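Reviewing the structure listed below.
The values are calculated or read from the model by the stated rules, or taken from the named source; none is laboratory data. Just so you know, these numbers come straight off a predicted model, no measurement behind them. Cβ placement follows ideal geometry from the backbone for every residue including glycine, while neighbour counts extend to all protein chains displayed. The accessibility values were calculated without ligands, DNA or RNA, using every heavy atom of the protein model including side chains. Shrake-Rupley method; radii C 1.70, N 1.55, O 1.52, S 1.80 Å.
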Amino acid sequence: MSRLGSLGARLYNGEVGYDFVGKRKIWYGLSILITITAIVGLAVRGLVMGIEFEGGAVFTTDKTNVSVAHVQEEAEKASGHEAIVQELGNGGMRIQISGLDTQTANPVKDELAKDLGVAPDDITSELVGPSWGEQIANKAWTGLAIFMVLVVIYLAIAFEWRMAVAALIALIHDLTITVGVYALVGFEVTPGTVIGLLTILGYSLYDTVVVFDGLKEGSKDITKQTRWTYSEIANRSLNGTLVRSINTTVVALLPVAGLLFIGGGVLGAGMLNDISLSLFVGLAAGAYSSIFIATPLVADLKERDPQMKALKKRVLAKRAAAMAKGEWPDSDGSVGYDGPDEAQHHAGDDSAPAGAVVGRPRGGSGGRGRPSGKRR
């Protein structure tokens, strides 16, 4: 078995782990900082809306020996607006200029033909009205709102309302970061961007639901024991799916990274940037929020429940009593079972929390996490 596979098995069995939930204030602070940066970037720089949303003209030329920089300079000089120029595979140019209408597009076309040394008939023009982009944006917002409502309803029914709230906050977190990165980088927002934004919601929700499902199983009949708190079981569920989440995210990011950095960056296929950047940032943010935001938020909300407060009080009291007797707790702070009934309830149960640092074994050879010979 590979090292990663062995680590995944040990994480799942609760032999090692990392206290994600216990350090949730660090992740909250980091997420707030990233979110504020994204919002500031969006407010200061704004989004560069594509021609589909602002309206304008698209000119396509046949094969030419003129450089992209020269064509862009001449197009901006002729139109008085910012131009986006892309070299096509056949050697031609695609010139995109926002803010042009029917009256201004033809003179710009003639001026471009003159500057490039081609006949006006060799340049094809296409006008795009802003109303089409507005329709796409309105439908996207409608679809996003319906998606969010359905997600909240489903999670509230399948799990509970606290998990629905945590998942919704994580989704909003992912969207905010992705849109903020678009504003900071200055990439153009096109219908492909909208498609990418809607796509990442499914990936983000998938990882979150996987962890929530494990948490639901691990917390079943939680009030019948005094060994673990809800936060500890939540942390165990999170560690149990950690390697799976990482593998899924890496496999999804590799082809998207190829589109973004190789296709869009090295090869200059600028149109690939529209969808690949939103997917790349969204997938990474979704994996982050599933691990560091959604599950800790559920634990925070659940620990406010009176039953969970009472359980935590009993667990801590039991551990304090055990320490007073000189018993050595496990590496996560837990002690032995109450008696035969509780031992039978937890026999074969792997819902023990993983609170130790990854790579640190949970206990010695004592069978219940205590170093042998230390119990009195």
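May I ask you to evaluate 6.51 cos²θ - 1.76 cosθ + 1.60, the Karplus curve with θ = phi - 60°, for each residue of region 139-144 and list the ³J(HN,Hα) values in order in whole Hz, giving x for glycine and proline?
Taking θ as phi minus 60°, the curve returns 5, 5, 5, 5, x, 5 Hz for region 139-144.
With an 8 Å Cα cut-off and a minimum separation of 6 or more residues, compute the relative contact order for region 79-174 in percent. Display every interim value, and only then the final one.
Details: 52 pairs, mean separation 12.6, N = 96.
Across region 79-174, relative contact order equals 13 percent.
Count of lysine pairs in region 54-196 with Cα atoms under 20 Å apart, counting only pairs 8 or more residues apart in sequence or on different chains?
4
Give the lysines whose C-alpha is closer than 22 Å to that of K302, dropping any in the same chain fewer than 8 places away, or say none.
List returned: K23, K25, K216, K220, K224, K312, K313, K318.
On a 1.4 Å probe surface of the protein chains, which of W141, W161 comes out largest in accessible area, and what is the full order? The partial results should precede the final answer.
Details: W141 175, W161 140 Å².
Result of the area sort, largest leading: W141, W161.
Could you tally the net charge around A252, taking each other residue with its Cβ under 13 Å from the Cβ of A252, Lys/Arg +1 and Asp/Glu -1?
In short, 0.
For region 108-223, what is the accessible area per residue in Å² when the probe is 1.4 Å?
Numbers: 5660 Å² over 116 residues.
Ligands and nucleic acids excluded, the figure is 49 Å² per residue.
Enter the accessible area of F187 (Å², nearest 10), with the probe set to 1.4 Å and all protein chains included.
60
Go through 78-88, 168-178 and give me the packing order, highest mean Cβ count within 10 Å leading.
Details: 78-88: 17.5, 168-178: 21.3.
Peptide ranking by packing, descending: 168-178, 78-88.
For region 142-186, list residues with backbone N below 14 Å from a point placed 7 Å from the Cα of D305 toward its Cβ?
156-166
Taking square-rooted eigenvalues a ≥ b ≥ c of the alpha carbon gyration tensor, is region 197-310 rounded, prolate or oblate, where a/c under 1.5 means rounded and, failing that, a/b exceeding b/c means prolate? Numbers along the way, then the final one.
Working: a/c = 4.35, a/b = 3.14, b/c = 1.38.
Prolate is the answer for region 197-310, as a/c is 1.5 or above and a/b outweighs b/c.
Tell me, what HN-Hα J-couplings in whole Hz come from the Karplus equation 6.51 cos²θ - 1.76 cosθ + 1.60 at θ = phi - 60° for each residue of region 283-298, using x for Gly and Pro?
Karplus-based 3J(HN,Hα) across region 283-298 equals 5, 5, 5, x, 5, 5, 5, 5, 8, 9, 10, 4, 5, x, 5, 4 Hz.
What list of ³J(HN,Hα) values in whole Hz, one per residue of region 100-116 in order, does the Karplus curve 6.51 cos²θ - 1.76 cosθ + 1.60 (θ = phi - 60°) give from phi, with Gly and Pro shown as x?
Those phi angles translate into 9, 10, 5, 6, 8, 5, 5, x, 5, 4, 5, 5, 5, 4, 5, 5, 8 Hz.
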